[in-house]
């Protein structure tokens, strides 16, 4: 009887060792899928079903932190901007370039938004409210040298639609219009080059 118990014990030990031997070894490092931070020039993203090519990646810095932007080319060669930053969660927006003059704003209007730290304007039947403004530095394509600019951000009451305005050091104004999106609305097909 003792011999049977010993044989059963030995068989159990052999079975456990055999099972461990046959089990495939888990990889030491499991690669995570690419994130927005991994995207570079040449990458391909799909946002809400629309495919875009990443033309460049820019980094922005200011006193409150940093954010990133991808210059995207979409259908018919149109330029879009995908911005993201971590501020109490991941904030992502997709905007499209537009002529600053089409907003109907003047440099004096923008100065008044700064002075009063409030205000609104109507564009295309949507009322946009002053959200933020400030000085920032842009590092084009993650370069080591930056270019200074001043920005104004506006959003609608529902915090869905956005308009961004920038005044560059040369005095030129640029504008972009779009909306906030969920990070889950962005699918990364290719991260692009890491150089």
Residue tally, condition under 14 Å from residue 132 (Cβ atoms) and either buried (at least 18 other Cβ atoms within 10 Å of the Cβ) or free of Cβ contacts under 8 Å to residues at least 12 places away in the same chain (or both), over the range 154-165: 6
Selection within the range 163-191 - closer than 21 Å to residue 115 by Cα and in contact with a strand residue (DSSP E or B) (Cβ under 6 Å, 6 or more places away or on another chain): 163, 164, 165, 166, 167, 168, 169, 173, 174, 175
Unmet criterion (only one of (1) on the phi > 0 side of the Ramachandran plot; (2) surrounded by 12 or more Cβ atoms within 10 Å (Cβ to Cβ)) for residue 124: (2)
Selected residue (criterion: farthest from residue 86 (Cα to Cα)) from residues of the range 123-153 that are touching a helix residue (DSSP H, G or I) at 6+ places or on another chain (Cβ under 7 Å) and in contact (Cβ under 8 Å) with a residue 24 or more places away in the chain: 123
Hey, residue 92 modelled with pLDDT under 95, farther than 14 Å from residue 175 by Cα and surrounded by 14 or more Cβ atoms within 10 Å (Cβ to Cβ) or not: yes
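The values are calculated or read from the model by the stated rules, or taken from the named source; none is laboratory data. All values derive from a computational prediction rather than experimental measurement. Please note: Cβ atoms are built from the backbone with ideal geometry, for glycine as well, and neighbour counts cover all protein chains shown.
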